[in-house]
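FYI, it's all coordinate maths here, none of it is from the lab. Not measured: the values here are computed from a predicted model. Using ideal geometry, Cβ is built from the backbone for each residue, glycine included, and neighbour counts are taken over all protein chains shown.
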Amino acid sequence: AAWALVPEICCFSVASRSARVALRASEGEPGQLPDRGELDALRTSCMLEGRSFPSGVVPSFATPVYKKRLLFEEDEILKLNAAIIKESERLRESDEDGKKWSEINYAGGYTSYGGLRSLNRVSPIFAELEDLLSSHMNKFKKQLELEGNGEMSLRDCWVNMMGSGTTHVMHQHPSATISGTYYVQTPKGSPGLTFEDPRPERSAARSRRSLVEFPVQAGDVVLFESWMRHKVSRFEGEGERISVSFNYYEAGA
């Protein structure tokens, strides 16, 4: 497997779907083969015609991750982030459920996940953020070539305010299709977003890279498929590392 940044490197993400087709076939009844349509899809999605690989290394079965600046204008990013910080501080004051949840699961920090998990539905500034994220999500979704290719809706949206010493353990986002994080404030010493190598057979051979950390800064948006396990290492800086996490779901899911 290889890690691919989308849109800079995205042409191999289609091969991941081929792997899922093969996996479904292997989980069927003994001797059962994929139907003709699945086999055709498998063959087609594995073709890499017209692509050049000067190094001789073809990153097959890549795991795509999208990372870009939310907006082109840095002044607009600063204005948006200032408004999100102000609103997040206001919400924290009244979110008793979120604060209680954070004491147990997010020691040293605050996340609205345990109380206010749909901020885009209750706060205008988070609704504005949802609108700004949609174009990025659609670009990423197009590269993933998801089966069905249906409409997506952002249903979960919560803020994370990490104090010094706060960590976010390895986890994934069940049931969602595309997940992501927008970075609002990243003081010196802020950790990036760390992903775990998703290959189930990686333990068969010793790999020197089972984790990959994506460095982030305020104004970045990172998107990934929700099944990917990820974490945030301990924050050792001053002030607060602030981010907004979210989940997109396929229509009807």
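Please determine, by comparing only the residues of the stretch 229-253 that are aliphatic (A, V, I, L, M) and either farther than 17 Å from His173 by Cα or over 15 Å from the mean Cα position of the chain (by Cα) (or both), which one is surrounded by the most Cβ atoms within 10 Å (Cβ to Cβ).
Step by step, filter the stretch 229-253, then rank; the result is Ile242.
Can you find, within the stretch 145-157, the residue that is surrounded by the most Cβ atoms within 10 Å (Cβ to Cβ) among those that are in contact with a helix residue (DSSP H, G or I) (Cβ under 9 Å, 6 or more places away or on another chain) and within 26 Å of Val184 (Cα to Cα)?
Checked the stretch 145-157; the qualifying residue surrounded by the most Cβ atoms within 10 Å (Cβ to Cβ) is Cys157.
May I ask you to list the residues in the stretch 102-137 that are free of Cβ contacts under 8 Å to residues at least 12 places away in the same chain and either buried (at least 20 other Cβ atoms within 10 Å of the Cβ) or of a type in the set (A, V, I, L, M) (or both)?
Within the stretch 102-137, Ile104, Val122, Ala127 meet the criteria.
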